[in-house]
Amino acid sequence: MDYTVIIPLYNECEILKFLYKRIKPVLDSLSVNYEIIFVNDGSTDTSYLELKEIAVSDNSVRVISFRENAGQHKAVVAGILQARGRYIITIDADLQNPPEEIPRLL
């Protein structure tokens with residue numbers, strides 16, 4: 001595995017499918033092996049259900065889900081501990097950092 005993208009989130013159900021539709025083509029264009037790990041930090045909305053739906057349709061997506069909110073840093077660490085990629089990229093689910101910037105980062 002070349003890259004792991006870790007995306008911690010809390011109550012982001014409104015944007016998750018849009019985020020996935022933006023990040024997937026970016027990663028596919030890199031022609032590398034990758035995985036996306038969404039870390040649901042105890043969301044109280046339907047974020048977990050949205051993530052499960054995405055993961056069922058794409059075997060490069062993994063989901064970690066906390067029962068309670070533990071904070072962004074703990075969510076990122078949980079993703080890092082489960083990452084299989086040689087390199088790790090973290091981005092926020094709110095698209096504050098556009099996925100389209102990943103190639104420039106690399």
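The values are calculated or read from the model by the stated rules, or taken from the named source; none is laboratory data. Just so it is clear, the structure is predicted and the values come from calculations on it, not from any experiment. Please note: Cβ atoms are built from the backbone with ideal geometry, for glycine as well, and neighbour counts cover all protein chains shown. Note: areas computed on protein heavy atoms with side chains; ligands, DNA, RNA excluded. Shrake-Rupley method; radii C 1.70, N 1.55, O 1.52, S 1.80 Å.
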Check which residues have an amide H placed less than 5 Å from Gly42's amide H, if you skip close sequence neighbours. Phe66
Per residue value of the accessible surface for the range 1-40 (all protein chains in place, 1.4 Å probe), Å²: 43 Å²
Other-chain or far-sequence residues with amide H under 5 Å of Asn97's (modelled H): Asp92
What does the accessible area of Lys17 come to, in Å² to the nearest 10, when a probe of 1.4 Å is used? 80 Å²
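Dividing the Cα convex hull volume of the chain by residue count, how many Å³ per residue is that? Intermediate results must be reported in sequence, preceding the final value.
Values: hull volume 9.3 nm³, N = 106.
Cα convex hull per residue, to the nearest whole number: 88 Å³.
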Give me a comma-separated list of calculated 3J(HN,Hα) values for the range 96-106, in order, Karplus coefficients 6.51, -1.76, 1.60 applied at θ = phi - 60°, integers in Hz, x for any Gly or Pro. 4, 10, x, x, 5, 8, 4, x, 5, 4, 5
Which of Tyr34, Ile15, Ala70, positive extreme of dipole for the chain (C-beta unit charges): Tyr34
Report ³J(HN,Hα) in whole Hz for each residue of the range 70-84, in order, from the Karplus equation J = 6.51 cos²θ - 1.76 cosθ + 1.60 where θ = phi - 60°; Gly and Pro get x. 10, x, 4, 5, 5, 5, 4, 4, 4, x, 4, 5, 9, 5, 10
5 angstrom amide H check on Ile89, placed H, neighbours 5+ away: Thr4, Val5, Ile6
Probe 1.4 Å, all protein chains in place: accessible area of Ser65 in Å², nearest 10? 50 Å²
What distance in nm separates the two pseudo spin-label positions at Ile15 and Ile88, each 7 Å out from Cα along the beta-carbon direction? 2.2 nm
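Over the chain, calculate the relative contact order: mean separation of alpha carbon pairs under 8 Å at least 6 apart, over the residue count, as a percent. If you can, show how the numbers build up before the last one.
Details: 187 pairs, mean separation 44.8, N = 106.
Relative contact order here is 42 percent.
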Mind pulling the angle between the C-alpha long axis of helix 16-29 and the longest principal axis of the chain? Nearest 10 degrees, somewhere in 0 to 90. 20 degrees
Placing +1 at every Lys and Arg Cβ and -1 at every Asp and Glu Cβ, with all other atoms neutral, what dipole size does the chain have around its Cα centre, in debye to the nearest 20? 320 debye
In debye to the nearest 20, the charge dipole size for the range 19-68, taken about the Cα centre with +1 at each Lys and Arg Cβ and -1 at each Asp and Glu Cβ, equals 120 debye
